[in-house]
Amino acid sequence: MKIRAGYEISYDCPQPTPMILTLSVHPSRFSDLLTLDRMRLDPPILSNTYHDSFGNFCHVIRAPGGRLTVSADFLVQDSGEPDATAPQAEQHALEDLPVEVLIFLLGSRYCETDRLSNTAWSLFGQIPKGWPLVKAICDYVHARIKFGYQHASPTKTAWDAHSEQRGVCRDFAHLSITLCRCMNLPARYCTGYLGDVSDRGGGRRFLPQQVWKLGEIHRHTPRLVAGQPIGSRAALRLVVEIEMAERLAASLTMTVAGSLGANHRADR
């Protein structure tokens, strides 16, 4: 399957503003790109690039005062199959986990493991470890939180979402990530182009049986991911970009055109 993906984001900056942009396809999916994923800046300005600690390809810019438009338009090749599930996956003991994933057991600004640990163990302490535990947590989160774009907040944490029982896709992700970490399941935040919905959404990845599996987002079904998600411990970088857009942008549009060829999709 060929999928056309891209974005167009416009900022109106009242003064020169430094920015770090994390919008590029993850390097692990570079081999699937059919055309170049090249960020375009209008007006043209200089940018520095680097790979962060999660492997994301980032751009550092100083946006000029006035209107700045950031865009990209590219083709990516994908199998077209939903992300694989692993119902038989086992949960490894903490001491057997690869050291590089231990960071994904720690609390963070948006994932307060200290505040939700007692809740997690009271709810899931008797659930069999592994895939059943992950599914029980996802089921609980999807029953607990009511989705609504009007409930979005750049400062909302997993604790807030659990208490308020409402939120958007990243709140579903943050709460399930936090509960998994409380239960000694490494989990990380990711965001990417979703080829089967009109959204660029936040999701979560879990590590049963030493293989990262992509969890469902607020629709609670396996996803078709067109581009490898951007990874991080939580949605801080994404939230910063969204908050900047809300404060500075006159317009913000992200486009993900659907698969090309016989089976055309209309994906934003």
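The values are calculated or read from the model by the stated rules, or taken from the named source; none is laboratory data. In this text the structure is predicted, and so the values were computed from the model without any measurement. Heads up, the Cβs are rebuilt from the backbone with ideal geometry, glycines too, and the neighbour counts pull from every protein chain shown.
PRO154 satisfies every condition listed in (1) assigned to a loop (DSSP other than H, G, I, E, B); (2) in contact with a Phe, Trp or Tyr (Cβ under 9 Å, 6 or more places away or on another chain) except (2).
Residues are listed down the side, and each one gets a yes or a no for (1) of a type in the set (Val, Ile, Thr); (2) within 20 Å of the chain's Cα centre (by Cα); (3) under 22 Å from ASP12 (Cβ atoms):
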position: LEU34; (1), (2), (3): no, no, no
position: MET39; (1), (2), (3): no, yes, yes
position: PRO43; (1), (2), (3): no, no, yes
position: LEU46; (1), (2), (3): no, no, yes
position: HIS51; (1), (2), (3): no, yes, no
position: HIS59; (1), (2), (3): no, yes, yes
position: LEU68; (1), (2), (3): no, no, yes
position: SER71; (1), (2), (3): no, yes, yes
position: ALA86; (1), (2), (3): no, no, no
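Taking the criterion of being among the hydrophobic types (A, V, I, L, M, F, W, C) and touching an Asp or Glu at 6+ places or on another chain (Cβ under 8 Å), the residues of the range 31-76 that qualify are CYS58, LEU68, VAL70, ALA72, PHE74, VAL76. Of the residues making up the range 61-81, one or more are at pLDDT below 90 and of a type in the set (Ser, Thr, Tyr). Taken over the range 31-62, the criterion of being surrounded by 15 or more Cβ atoms within 10 Å (Cβ to Cβ) and charged (D, E, K, R) is satisfied by ASP32, ASP37. ALA136 passes every criterion in (1) over 16 Å from ARG181 (Cβ atoms); (2) surrounded by 12 or more Cβ atoms within 10 Å (Cβ to Cβ); (3) among the aliphatic types (A, V, I, L, M) apart from (1). Summed over the range 63-107, the residues that are on the phi < 0 side of the Ramachandran plot and either exposed (fewer than 12 other Cβ atoms within 10 Å of the Cβ) or small (Gly, Ala, Ser) (or both) give a count of 21. Apart from one condition, VAL101 fits all of (1) touching a Lys or Arg at 6+ places or on another chain (Cβ under 8 Å); (2) assigned to a helix (DSSP H, G or I); the exception is (1). When the range 12-26 is filtered for residues that are touching a helix residue (DSSP H, G or I) at 6+ places or on another chain (Cβ under 8 Å), farther than 12 Å from HIS59 by Cα and either hydroxyl-bearing (Ser, Thr, Tyr) or exposed (fewer than 14 other Cβ atoms within 10 Å of the Cβ) (or both), the ones remaining, listed by number, are PRO14, THR17. Residues that are without any contact (Cβ under 8 Å) to a residue 24 or more places away in the chain and either under 16 Å from the mean Cα position of the chain (by Cα) or within 15 Å of ARG4 (Cα to Cα) (or both) within the range 14-32 comprise just one, PHE30. Right, ASP73: part of a strand (DSSP E or B), more than 30 Å from VAL101 (Cβ to Cβ) and in contact with a helix residue (DSSP H, G or I) (Cβ under 7 Å, 6 or more places away or on another chain) or not? No.
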